[in-house]
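Visitor: Quick one: structure below, then a few questions.
The values are calculated or read from the model by the stated rules, or taken from the named source; none is laboratory data. In this text, all values refer to a predicted model and were calculated from it rather than measured experimentally. Counting neighbours? That spans all protein chains shown, and the Cβs are built from the backbone with ideal geometry, glycine included.
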Amino acid sequence: MNDTNLDPNSNAAFSQTSSAQSNPFTGELKGEFSSDFGTNTNAVSQIFKGGGFASENKGRLILFGVLAVAILGFAFWYLSEPMEGDMGSAEVAEEGLEEEGVDEEGMGAEEGETTTAETSEAAPVPAPTTETKAATEPVPAPTTEAAPMATGDIRLGTPANGASQTYDETQGPAEFSWEGSADEIVFSRSSTMQPVVKSVKLNGASSFAFENPYPGTWYWQVKNATGASEIRSFRISAPDRRSFPVSQPTPGGSISGNGGVVSWQAGDKVARYAVELVPSGQSFATPAYRFGTSGTSVSVQGVSPGSYDMRVGAFSEVAGRWEWQVIQNVTVQ
């Protein structure tokens, strides 16, 4: 019985036993090896000649025992290895190469080579070349960029696309016409028709009068239930200024504050005239004196002596606003 104080992992556990286990193989060989492998240098030849083994049967038994131990050891090792398909045999072959001292680098191309099946599975499919695309892809039919077309059953009449005229309130409204029944006419300052500046419902009309569109470039379009017409543009130029040259006083001149006369030449399409005075250097936003007439002169009254800036204005019937001429540094006596 083993001593319980001994460490089972130490060598002493194997040397101090009460009864040694017998090994049928080593027990038979112990006496022969100790007697024939002492000092005799010809021990191997003595084994196979007389005196080495007592009988042939004993030798066969020993040989069979050694082989059985080897087979059992190999089976135990084989069964203890993880089974992963053919990986076991591959690892055995690799270990055999290492034991025989074969240089793995010497395998070179043989280890780097793959079978045809492996190559076909791993290699990516090459992208089609330009020539392949040209041969396989259909050639698109040539296209031309078409101008915007009308979608509604409306044909625009006047004004023509790109037409222009000068702003003039004496000429009446701008006239727009088309063929077909329209529900709406739209005006914008942009060719995209956004944002809309003016939109008018038409109730099936075929014309529209636009009262005095102010100067600049405009775009217009007519719509109905079936769609919209083409988009056209027109341009309105700034109105011509009225010409009414002032005769007196001149810049730096003088005039009487009671009975002095301011005169000018008549202008075309002018509704009325006005004369305003402010102390020199001040704004005309709040004039100190103001006189009006429909003629070509005005007599000033009750103006205090001093230095004034004077302006003469004509209300233009064309532009619908006042247009002014300034006479500076007028002395009122």
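Visitor: Within segment 251-275, work out how many residues are closer than 29 Å to T170 by Cβ and either in the same structural domain as D168 (by TED's automatic domain parsing) or not in a loop (DSSP other than H, G, I, E, B) (or both).
Guide: Taking segment 251-275 and keeping what is closer than 29 Å to T170 by Cβ, we get 262-275.
Checking the rest, the ones that are also either in the same structural domain as D168 (by TED's automatic domain parsing) or not in a loop (DSSP other than H, G, I, E, B) (or both) come to 262-264, 270-275.
So the answer is 9.
Visitor: Scan segment 294-324 residue by residue and report those that are under 19 Å from P245 (Cα atoms), among the hydroxyl-bearing types (S, T, Y) and either touching a Cys at 6+ places or on another chain (Cβ under 6 Å) or assigned to a strand (DSSP E or B) (or both). Walk me through it before giving the result.
Guide: Just the residues of segment 294-324 that are under 19 Å from P245 (Cα atoms), to begin with: 294-300, 309-319, 321-324.
Now narrow it down to the ones that are among the hydroxyl-bearing types (S, T, Y): 294, 296-297, 299, 316.
Listed by number, the residues that qualify are S297, S299, S316.
Visitor: Out of V278, V332, V312, I need the residue that is in contact with a strand residue (DSSP E or B) (Cβ under 7 Å, 6 or more places away or on another chain), farther than 27 Å from G172 by Cβ and free of Cβ contacts under 8 Å to residues at least 40 places away in the same chain. Which one? Break it down stepwise before answering.
Guide: Working: V332 fails: free of Cβ contacts under 8 Å to residues at least 40 places away in the same chain; V312 fails: free of Cβ contacts under 8 Å to residues at least 40 places away in the same chain.
From the options V278, V332, V312, the qualifying one is V278.
Visitor: Quick check on this structure: which one of P173, P159 is at pLDDT 95 or above, surrounded by 12 or more Cβ atoms within 10 Å (Cβ to Cβ) and either polar (S, T, N, Q) or under 30 Å from P239 (Cα atoms) (or both)? Let's see the steps before the verdict.
Guide: Working: P173 fails: at pLDDT 95 or above.
Going through P173, P159 in turn, the sole match is P159.
Visitor: Report the residue count in segment 180-201 for those that are part of a strand (DSSP E or B) and either at pLDDT 95 or above or under 42 Å from the mean Cα position of the chain (by Cα) (or both).
Guide: Summing the residues that are part of a strand (DSSP E or B) and either at pLDDT 95 or above or under 42 Å from the mean Cα position of the chain (by Cα) (or both) in segment 180-201 gives 13.
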